[in-house]
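S.K.: Below: one structure in structure tokens.
The values are calculated or read from the model by the stated rules, or taken from the named source; none is laboratory data. Quantities reported herein were computed from a predicted structural model and do not represent experimental measurements. Glycine gets a Cβ as well: all are built from the backbone with ideal geometry, and neighbour counts include every protein chain shown.
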Amino acid sequence: MLSVVVFLPLAAGLVLLVLPRPRDGTVARTWVAASALDLALVIGLWAYHPSASGSPGAVTGPLAYEERVLWIPSVGASYHVGVDGLSLPLMAMTAVLFLACAVHSLRQRVRTRAHAVLFLFLQTVSTGLFCALDLLLFFVFFDLSIVGMYFVIAGWGHGRPARSALQFFLYTFFGSLALLLGFIGLYVSSDPRTFDMVELAGQTPLEGREPAGGLVLLAIGVGLAVKTPTVPFHTWLPPAHTDAPAAGSAILAGVLLKMGTYGFVRIAMPILPGAWSDHAMVIVVVGVVSVLYGALVALAQTDFKRMVAYTSVNHMGYIILGLGAAGLATGAQSGAASLAITGGVTQMVSHGLLTGALFLLAGVLHDRADTYDMGSYGGLAARAPRFAALAAVAFFGSLGLPGLSGFIAEFQIFAGSLGPVPVATALALLGILITAALFLRALRRLFLGGPGPCTDRVGDLSARESAAIAPLLALAVLIGLLPRFLLDRVEPAARALAALVSG
Amino acid sequence: MEGVDPLTLLPELILALAAVGALLLGSWTPRRRQGRVRLCVTAALLAALAATVVAAATGTGSDSGGHTVDTATHAVRVVVLVGVLATVLLAADTFASHPRESEFHVLLLLAALGAVALAGANDLLVLSVAYLLASIPLYALVGFAKDATGTEAALKFYLLGALSGILLLTGATLLLGAGGTTGYAGLADALPEAPRALVAAGVVAVLAGLLFKAGGVPVHFWVPDVAEGAPAPVAAFVTTVPKIGALVALYRLGDQVLAGAALDWAPLAALLAAASMTLGNLGAFLQTDARRLLGYSTISQVGYLLMAAAAVEGRAEPVQPGLLFYLCAYTAANLGAFAVVCALRTRTLRDHAGLFRDHPWLALSLVVCLLGLVGTPPTAVFVGKLALFTAALEAGLGWLMVLAAVNTVASLFYYLRWILPLFRASGEPSEEGGRPESPGRWSTGVAVTAAAASLGLGVAAGPVLGLL
């Protein structure tokens with residue numbers, strides 16, 4: 001069942017590939033249909049998720065829908081997939097975001113078939129990564145996501161796409177190789193030898209073995225930090241985002257960045273809990289620096305897309321801060337640690353929805369007036385009321401206004417981190433202030449005041465664009481108002497993880 | 001030496017007989033109708049392949065007369081035969097109705113025979129003979145087109161090859177003096193007590209010969225020139241097939257003789273591996289000629305493969321399956337990339353602009369093969385690299401593993417320089433006229449098959465590794 005969810009988009013892509021000369025409309029509709037079907041399947045997985053049963057022994061709570069087929073028996077690698085409270089929300093977010101991109105791209109007429117096939121491929125890769133329970137399988141999907149995104153940026157980007165795509169590929173590939181070295185380190189130290197995450201989490205092979213544990217955590221940490229990205233590994237992100245097409249940016253920020261943070265909760269924390277706790281202060285510092293640096297640099301941007309890209313660095317910083325704080329929590333604070341981890345996972349979902357929406361909105365601007373420069377616009381609220389309304393919701397969600405998903409996530413992170421790391425949390429709170437300032441300023445520049453040189457070229461959102469963007473924001477509001485449906489899934493896994501790394 | 005059962009050497013015998021047969025048949029065939037030679041050669045290769053598969057399936061092996069037939073030999077036979085078959089098909093586009101077509105095939109078969117013999121040798125004398133057999137036909141093949149670049153490449157290749165051959169023979173003599181025998185088993189017993197300086201000198205000299213065949217640093221200077229100057233199918237063959245034999249021979253020598261000798265074998269091999277992968281990569285960075293770039297990339301690949309020879313000590317499990325798998329994977333990816341060049345008759349990277357629009361399957365094959373050479377999963381080289389990285393870490397060569405990973409990232413840069421123009425919306429026509437209208441039919445088939453094999457081997461890595 002899970003494999004069907006994972007490989008359905010790829011199968012649809014292959015069908016598109018072998019069809020002789022399909023019409024562009026057919027391609028676009030097939031893509032939307034495949035993504036919608038995949039989303040329906042994920043909703044089915046969610047609805048029937050047996051939260052209390054499943055195979056025991058998994059460290060982060062029970063696993064559901066497990067499938068395991070031996071792949072390379074001689075190195076103990078298998079095709080092992082399954083979902084728990086950490087992966088299911090991300091799979092759901094992935095399915096929603098890919099459907100939104102499919103709808104958004106209904107009128108995309110540049111090499112339509114290749115475009116659709118690449119996105120379907122990326123959807124399989126992303127979904128597969130979020131349910132992979134084998135390090136090698138995880139790595140395969142991790143690497144393929146880079147390859148897929150490289151072609152999206154290089155093939156459909158604007159500005160200097162070749163250069164940005166090359167930088168993106170080299171940088172993130174460096175990260176993935178560091179990750180691979182870490183995985184090999186884990187494999188070599190395990191007994192019996194295995195790449196299976198569940199078995200490794202049971203063995204915790206490097207527990208108390210310094211410096212090996214620290215080195216492996218360093219390799220894995222660097223690999224994931226490049227992907228997340230955190231300061232100082234974030235420099236690939238702004239050019240990649242600026243030059244990527246709108247749907248590509250949405251997937252890159254919404255889904256691909258989460259692969260880094262998800263790797264922390266799925267691999268680094270359960271398999272190296274001791275090393276995580278020992279070095280948690282470093283992680284907290286990286287998180288806080290990312291929060292502040294991302295926010296400050298975003299404040300200085302005049303390019304709308306670049307600004308959103310830097311706020312991603314800021315938002316990912318909160319997650320890293322929360323996860324690091326969980327590692328520093330004492331045994332008595334394991335409730336706080338659990339809260340911080342829950343907040344981190346919620347932030348991954350929330351950021352995916354909100355930033356996905358923001359990048360699609362940026363794409364709308366670019367489609368109409370060919371520029372992201374905020375100074376060229378102004379007074380858009382009068383000309384494009386629907387656009388302004390949706391953008392305002394996304395802005396307020398991103399800056400953490402109560403009633404929207406960003407608040408639920410960030411509040412939990414701060415509440416959970418305050419006990420273990422009060423100073424760092426206080427510093428990170430400044431980040432919220434700066435983001436609020438920059439989003440309000442962007443709101444004023446774009447939508448209020450007198451019209452800019454490009455304002456009269458911007459018409460309101462079409463039905464297609466609204467249909468792609470509005471559901472993302474509706475979900476953000478839903479999580480903001482009624483978060484229980486999400487938190488009920490995340491909390492048991494977060495509690496188990498917190499018990500591992502704290503104390 | 002006791003007698004050898006000729007049946008265990010059936011694939012080699014078929015190759016030798018096919019070479020003689022092709023020469024005779026070619027001599028009595030009109031020049032315009034030499035296509036029949038190609039048919040006969042293909043049939044002989046398929047027969048040799050069948051004989052190998054039967055021998056491997058029935059577990060036939062032998063270890064006599066200075067030649068071992070074991071899993072490694074079987075695997076090398078299969079890979080070499082498939083490689084020759086691919087080269088014959090590649091040449092079908094280039095050399096069809098060439099006046100010396102049958103000579104081409106004869107030389108190809110003899111060189112392949114030499115590569116297989118190299119891999120099976122467990123005696124320094126057999127190794128030397130195999131070296132000569134694997135080298136001399138190639139000198140002629142490289143200069144086959146009789147053009148300026150081919151002649152220059154052939155001359156460089158020959159001079160360096162002659163020097164390395166003499167070094168190999170000298171090394172064999174020194175080791176004979178040190179150990180009193182040329183057989184690996186006898187040497188393994190005798191060398192630990194032999195004078196260390198003598199052994200070291202002998203080993204370095206033997207290594208020079210084998211590294212020349214493999215195209216590794218420090219005797220790699222011929223590789224880029226041959227890759228650029230030789231006819232494209234020959235370049236594909238020379239940078240792929242002889243390496244297989246040489247690397248297995250290197251591994252065998254390290255594993256059976258030198259690991260136990262009083263010699264720092266692991267650091268020496270690791271140093272050679274590190275130098276090969278790094279210098280190969282550095283050389284490839286700014287190349288604009290596709291074949292020259294592939295030539296440098298093969299040097300760096302040899303570096304990764306040499307990690308296996310460095311990691312023979314201090315491990316519970318043998319590294320041999322990983323090495324053999326990597327060789328299969330490398331053969332598929334490298335032949336695939338060369339096949340695209342053969343099909344398009346392109347020279348520079350810029351000649352490939354807009355390929356995706358004109359020939360999407362060729363472009364996709366090239367992307368798969370180049371990313372395969374990088375080692376992106378799920379292509380086969382990824383599994384090979386994984387196995388060798390793991391082996392290096394277990395053998396205590398963590399620094400080599402990190403260096404190999406860094407080199408892999410660096411190599412991505414020049415492969416991407418080639419991949420990127422494929423997807424340019426329009427290929428700006430280059431001065432030399434760019435690509436012909438229709439790519440070679442056979443070469444296209446080989447390219448697509450190689451790319452599919454590269455992916456298939458990676459996905460089916462479990463069963464394949466189980467066989468090795």
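S.K.: Looking at (1) at pLDDT 90 or above; (2) buried (at least 23 other Cβ atoms within 10 Å of the Cβ), which is the one condition that is false for B:L364?
M.R.: B:L364 satisfies every listed condition except (2).
S.K.: Same structure, new question: Does A:A95 satisfy the criteria of being within 30 Å of A:S338 (Cα to Cα), more than 14 Å from chain B (Cβ to nearest Cβ), buried (at least 23 other Cβ atoms within 10 Å of the Cβ) and modelled with pLDDT of 95 or more? Give the derivation first.
M.R.: Working: within 30 Å of A:S338 (Cα to Cα): yes; more than 14 Å from chain B (Cβ to nearest Cβ): yes; buried (at least 23 other Cβ atoms within 10 Å of the Cβ): yes; modelled with pLDDT of 95 or more: yes.
Yes: the conditions hold for A:A95.
S.K.: Would it be correct to say that B:T331 is farther than 24 Å from B:G458 by Cα and among the β-branched types (V, I, T)? Even if it seems obvious, please write down each step before you answer.
M.R.: Numbers: farther than 24 Å from B:G458 by Cα: no; among the β-branched types (V, I, T): yes.
Answer is no for this residue.
S.K.: Further, regarding this structure: Just need a number here: residues in the stretch B:407-417 that are under 22 Å from the mean Cα position of the chain (by Cα) and either not assigned by TED's automatic domain parsing to the domain that holds B:L373 or not aliphatic (A, V, I, L, M) (or both).
M.R.: Selection size over the stretch B:407-417: 5.
S.K.: Further question on the same structure: How about the stretch A:152-161: which of its residues are more than 19 Å from the chain's Cα centre (by Cα) and either within 8 Å of chain B (Cβ to nearest Cβ) or within 19 Å of B:P377 (Cα to Cα) (or both)? Spell out how you get there, then give the answer.
M.R.: First, the residues of the stretch A:152-161 that are more than 19 Å from the chain's Cα centre (by Cα): A:154-161.
Within the stretch A:152-161, A:A154, A:G155 qualify.
S.K.: Being among the β-branched types (V, I, T), in a helix (DSSP H, G or I) and more than 18 Å from the chain's Cα centre (by Cα) is the filter here; which residues of the stretch A:453-503 pass it?
M.R.: The first filter runs over the stretch A:453-503 and keeps only residues among the β-branched types (V, I, T), leaving A:455, A:458, A:469, A:477, A:479, A:490, A:501.
Going one step further and asking which of them are in a helix (DSSP H, G or I), we end up with A:455, A:469, A:477, A:479, A:490, A:501.
Once the filter is applied, which keeps residues that are among the β-branched types (V, I, T), in a helix (DSSP H, G or I) and more than 18 Å from the chain's Cα centre (by Cα), the stretch A:453-503 yields A:T455, A:V477, A:V501.
S.K.: Of the residues that sit in the stretch B:391-427 and are part of a helix (DSSP H, G or I), facing chain A (nearest Cβ under 8 Å) and in contact (Cβ under 8 Å) with a residue 12 or more places away in the chain, which one is nearest to A:S164 (Cα to Cα)? Full working, then the answer.
M.R.: Step one: of the stretch B:391-427, the residues part of a helix (DSSP H, G or I) are B:391-394, B:398-422.
Add one more test, that the residue is facing chain A (nearest Cβ under 8 Å), and what stays is B:393-394, B:401-402, B:405-406, B:408-409, B:412-413, B:416, B:420.
Of the ones still in play, those that are also in contact (Cβ under 8 Å) with a residue 12 or more places away in the chain are B:394, B:401, B:405, B:408, B:412-413.
Working: B:E394: 37, B:M401: 29, B:A405: 23, B:T408: 20, B:L412: 15, B:F413: 13 Å.
Applying the filter and picking the extreme gives B:F413.
S.K.: Which members of the stretch B:163-209 meet the condition of being assigned to a helix (DSSP H, G or I), among the hydroxyl-bearing types (S, T, Y) and without any contact (Cβ under 8 Å) to a residue 60 or more places away in the chain?
M.R.: Of the stretch B:163-209, the ones assigned to a helix (DSSP H, G or I) are B:163-179, B:184-193, B:196-209.
Narrowing further to those that are among the hydroxyl-bearing types (S, T, Y): B:164, B:170, B:173, B:184.
Once the filter is applied, which keeps residues that are assigned to a helix (DSSP H, G or I), among the hydroxyl-bearing types (S, T, Y) and without any contact (Cβ under 8 Å) to a residue 60 or more places away in the chain, the stretch B:163-209 yields B:S164, B:T170, B:T173.
For (1) closer than 30 Å to B:G186 by Cα; (2) outside the structural domain of B:D70 (by TED's automatic domain parsing), each residue gets a yes or a no:
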{"site": "B:P231", "(1), (2)": "no, no"}
{"site": "B:V241", "(1), (2)": "yes, no"}
{"site": "B:L286", "(1), (2)": "no, yes"}
{"site": "B:S297", "(1), (2)": "no, yes"}
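S.K.: Then there is this: Here is a check on your reading of the model: is A:A381 in the same structural domain as A:A309 (by TED's automatic domain parsing), among the hydrophobic types (A, V, I, L, M, F, W, C) and either farther than 26 Å from A:Q347 by Cβ or not in a helix (DSSP H, G or I) (or both)? Don't jump to the end; show me each part of the working.
M.R.: Details: in the same structural domain as A:A309 (by TED's automatic domain parsing): yes; among the hydrophobic types (A, V, I, L, M, F, W, C): yes; either farther than 26 Å from A:Q347 by Cβ or not in a helix (DSSP H, G or I) (or both): yes.
Criteria met by A:A381.
S.K.: Select, from A:S176, A:S189, A:S164, the only residue that is at the interface with chain B (Cβ under 10 Å from one of its Cβ atoms) and in contact with an Asp or Glu (Cβ under 6 Å, 6 or more places away or on another chain). Before you say what the answer is, go through the steps one by one.
M.R.: Numbers: A:S189 fails: in contact with an Asp or Glu (Cβ under 6 Å, 6 or more places away or on another chain); A:S164 fails: at the interface with chain B (Cβ under 10 Å from one of its Cβ atoms).
Being at the interface with chain B (Cβ under 10 Å from one of its Cβ atoms) and in contact with an Asp or Glu (Cβ under 6 Å, 6 or more places away or on another chain) holds for just one of A:S176, A:S189, A:S164, which is A:S176.
S.K.: Right, next: Mind listing just one residue for me: the one in the stretch B:129-146 that is over 19 Å from B:H220 (Cα atoms) and in contact (Cβ under 8 Å) with a residue 60 or more places away in the chain and, of those, nearest to the chain's Cα centre (by Cα)?
M.R.: B:A130
S.K.: Take A:R107 and tell me if it is among the basic types (K, R) and within 12 Å of another protein chain (Cβ to nearest Cβ). So that I can check it myself, show each step before the final result.
M.R.: Numbers: among the basic types (K, R): yes; within 12 Å of another protein chain (Cβ to nearest Cβ): no.
Judged against the criteria, A:R107 is not a match.
S.K.: Being crowded, with 22+ Cβ neighbours inside 10 Å, within 16 Å of the chain's Cα centre (by Cα), away from chain B (no Cβ under 11 Å) and not in a helix (DSSP H, G or I) is the requirement here; does A:H241 meet it? Reasoning before the result, please.
M.R.: Numbers: crowded, with 22+ Cβ neighbours inside 10 Å: yes; within 16 Å of the chain's Cα centre (by Cα): yes; away from chain B (no Cβ under 11 Å): yes; not in a helix (DSSP H, G or I): no.
No; evaluated as a whole, the condition is false for this residue.
S.K.: Something else about it: For A:M269, are the conditions met, namely being farther than 12 Å from A:L323 by Cβ, buried (at least 23 other Cβ atoms within 10 Å of the Cβ) and not charged (D, E, K, R)? Working first, answer last.
M.R.: On the way: farther than 12 Å from A:L323 by Cβ: no; buried (at least 23 other Cβ atoms within 10 Å of the Cβ): yes; not charged (D, E, K, R): yes.
It is false that A:M269 is farther than 12 Å from A:L323 by Cβ, buried (at least 23 other Cβ atoms within 10 Å of the Cβ) and not charged (D, E, K, R).
S.K.: Same structure, new question: Every residue in the stretch A:1-27 that is among the hydrophobic types (A, V, I, L, M, F, W, C) and under 19 Å from A:L129 (Cβ atoms), please. First the steps, then the outcome.
M.R.: Keep residues of the stretch A:1-27 that are among the hydrophobic types (A, V, I, L, M, F, W, C), which gives A:1-2, A:4-8, A:10-12, A:14-19, A:27.
Those that are among the hydrophobic types (A, V, I, L, M, F, W, C) and under 19 Å from A:L129 (Cβ atoms): A:M1, A:L2, A:V4, A:V5, A:V6, A:F7, A:L8, A:L10, A:A11, A:A12.
S.K.: Part of a helix (DSSP H, G or I), outside the structural domain of B:A329 (by TED's automatic domain parsing) and touching a residue at least 12 places away in the same chain (Cβ under 8 Å), is that true of B:A16? Talk me through it step by step, then tell me what you get.
M.R.: On the way: part of a helix (DSSP H, G or I): yes; outside the structural domain of B:A329 (by TED's automatic domain parsing): yes; touching a residue at least 12 places away in the same chain (Cβ under 8 Å): yes.
Taking the combined requirement at face value, the residue satisfies it.
S.K.: So how many residues does the stretch A:126-144 have that are more than 11 Å from every other protein chain (Cβ to nearest Cβ) and touching a Ser or Thr at 6+ places or on another chain (Cβ under 8 Å)?
M.R.: Of the residues in the stretch A:126-144, 6 are more than 11 Å from every other protein chain (Cβ to nearest Cβ) and touching a Ser or Thr at 6+ places or on another chain (Cβ under 8 Å).
S.K.: Also, quick follow-up: B:L335: assigned to a helix (DSSP H, G or I), in contact with a Phe, Trp or Tyr (Cβ under 7 Å, 6 or more places away or on another chain) and surrounded by 24 or more Cβ atoms within 10 Å (Cβ to Cβ), yes or no?
M.R.: Values: assigned to a helix (DSSP H, G or I): yes; in contact with a Phe, Trp or Tyr (Cβ under 7 Å, 6 or more places away or on another chain): no; surrounded by 24 or more Cβ atoms within 10 Å (Cβ to Cβ): yes.
Spelling it out, it is not the case that B:L335 is assigned to a helix (DSSP H, G or I), in contact with a Phe, Trp or Tyr (Cβ under 7 Å, 6 or more places away or on another chain) and surrounded by 24 or more Cβ atoms within 10 Å (Cβ to Cβ).
S.K.: Would you confirm, using the coordinates I've provided, whether A:A77 is buried (at least 21 other Cβ atoms within 10 Å of the Cβ), free of Cβ contacts under 8 Å to residues at least 40 places away in the same chain, within 14 Å of another protein chain (Cβ to nearest Cβ) and over 18 Å from the mean Cα position of the chain (by Cα)?
M.R.: On the way: buried (at least 21 other Cβ atoms within 10 Å of the Cβ): yes; free of Cβ contacts under 8 Å to residues at least 40 places away in the same chain: no; within 14 Å of another protein chain (Cβ to nearest Cβ): yes; over 18 Å from the mean Cα position of the chain (by Cα): yes.
Taking the combined requirement at face value, the residue does not satisfy it.
S.K.: Further question on the same structure: Among the residues of the stretch A:73-83, are any closer than 22 Å to A:K305 by Cα, in the same structural domain as A:L2 (by TED's automatic domain parsing) and not polar (S, T, N, Q)?
M.R.: The initial filter retains those residues of the stretch A:73-83 that are closer than 22 Å to A:K305 by Cα, namely none.
Scanning the stretch A:73-83, I find no residue that is closer than 22 Å to A:K305 by Cα, in the same structural domain as A:L2 (by TED's automatic domain parsing) and not polar (S, T, N, Q), so the answer is no.
S.K.: If you scan the stretch B:121-142, which residues turn out to be out of contact with any strand residue (DSSP E or B) (no Cβ under 9 Å at 6 or more places or on another chain) and polar (S, T, N, Q)?
M.R.: Passing the criteria: only B:S135.
S.K.: Would it be correct to say that A:L218 is buried (at least 22 other Cβ atoms within 10 Å of the Cβ) and assigned to a helix (DSSP H, G or I)? Give the steps one after another, and end with the answer.
M.R.: Values: buried (at least 22 other Cβ atoms within 10 Å of the Cβ): no; assigned to a helix (DSSP H, G or I): yes.
No: the conditions fail for A:L218.
S.K.: A further question on this structure: Give me a count of the residues in the stretch B:20-34 that are surrounded by 10 or more Cβ atoms within 10 Å (Cβ to Cβ), over 28 Å from the mean Cα position of the chain (by Cα) and hydrophobic (A, V, I, L, M, F, W, C).
M.R.: Final tally of qualifying residues: 2.
S.K.: Please work out which residue is farthest from the chain's Cα centre (by Cα), limiting yourself to the stretch B:98-128 and to residues that are in a helix (DSSP H, G or I) and polar (S, T, N, Q). Let's see the steps before the verdict.
M.R.: Restricting attention to the stretch B:98-128, the residues satisfying the condition of being in a helix (DSSP H, G or I) are B:101-120, B:124-128.
Still in the list and also polar (S, T, N, Q): B:102, B:128.
Working: B:S102: 23, B:S128: 18 Å.
That would be B:S102.
S.K.: Shifting gears a bit: Return yes when B:A48 is part of a helix (DSSP H, G or I) and modelled with pLDDT of 90 or more and no when it is not. Explain how you work it out, then say what you get.
M.R.: On the way: part of a helix (DSSP H, G or I): yes; modelled with pLDDT of 90 or more: yes.
When the stated conditions are applied, B:A48 passes them.
S.K.: Given the conditions (1) under 24 Å from the mean Cα position of the chain (by Cα); (2) without any contact (Cβ under 8 Å) to a residue 12 or more places away in the chain, and given that A:F183 satisfies all but one, which numbered condition is not satisfied?
M.R.: (2)
S.K.: Just to confirm my filter: which helices (runs of 4 or more DSSP H) fall fully inside the stretch A:117-211 and include at least 2 residues that are more than 26 Å from A:A493 (Cα to Cα) and at pLDDT below 90? Don't jump to the end; show me each part of the working.
M.R.: Working: elements: A:135-156, A:161-189, A:197-203.
Helices (runs of 4 or more DSSP H) meeting the threshold: A:135-156, A:161-189.
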